[in-house]
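Worksheet: one structure, shown below.
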Amino acid sequence: MQLDAKEVNRLLAVILTTWIEVVKAIFIFSLLIVYAKNCQSIRSKFSLGLFTFTVLMLIETTAAIYLYSTTAFCRVAQIYEVVRPLLSAIECVSFAVLTWITWR
């Protein structure tokens, strides 16, 4: 089976997006470790909020990685259209938590 240039570009975009999400997950996980330690030692609402924020962001990022890595190439766009609002909602809640703890 031969892929045309358009399909190759789409495939490369999916691969690139997956790797960007993996790098993002590594950064978020490292923040999660720091915030978990801070939450245990400081025990403040702010440190708990930062921990909650990173947990939600890690859930969103992990779900995106799972979506990209397990979905057949031809169905990525279709499934992404359905799942992306849920991922965006999780991301929005995590930023709401970050905003709330920052303004407190």
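The values are calculated or read from the model by the stated rules, or taken from the named source; none is laboratory data. Bear in mind that the values here come from a model prediction, so they are computed numbers and not experimental data. We place every Cβ from the backbone using ideal geometry, glycine too, and count neighbours over all the protein chains shown.
Can you spot a residue in the stretch 66-85 that is acidic (Asp, Glu), out of contact with any His (no Cβ under 7 Å at 6 or more places or on another chain) and in contact (Cβ under 8 Å) with a residue 24 or more places away in the chain? Taking every residue of the stretch 66-85 in turn, none turns out to be acidic (Asp, Glu), out of contact with any His (no Cβ under 7 Å at 6 or more places or on another chain) and in contact (Cβ under 8 Å) with a residue 24 or more places away in the chain. Considering (1) modelled with pLDDT of 95 or more; (2) buried (at least 16 other Cβ atoms within 10 Å of the Cβ), the lone condition that Phe29 does not fulfil carries the number (2). Taking Thr54 and the conditions (1) surrounded by fewer than 18 Cβ atoms within 10 Å (Cβ to Cβ); (2) at pLDDT 95 or above; (3) among the β-branched types (Val, Ile, Thr), which numbered condition does it fall short on, given that it satisfies the others? Every condition holds for Thr54 apart from (1). For the stretch 90-101, the tally of residues that are of a type in the set (Ser, Thr, Tyr) and in contact with a Phe, Trp or Tyr (Cβ under 8 Å, 6 or more places away or on another chain) stands at 1. Hey, among the residues in the stretch 32-50 that are of a type in the set (A, V, I, L, M, F, W, C) and either surrounded by 12 or more Cβ atoms within 10 Å (Cβ to Cβ) or at pLDDT below 95 (or both), which one's nearest to Ile65 (Cα to Cα)? Filtering the stretch 32-50 for residues that are of a type in the set (A, V, I, L, M, F, W, C) and either surrounded by 12 or more Cβ atoms within 10 Å (Cβ to Cβ) or at pLDDT below 95 (or both), the one nearest to Ile65 (Cα to Cα) comes out as Leu32. Within the option set Val34, Val23, Val83, being assigned to a helix (DSSP H, G or I) and touching a helix residue (DSSP H, G or I) at 6+ places or on another chain (Cβ under 8 Å) holds for one residue only, Val83.
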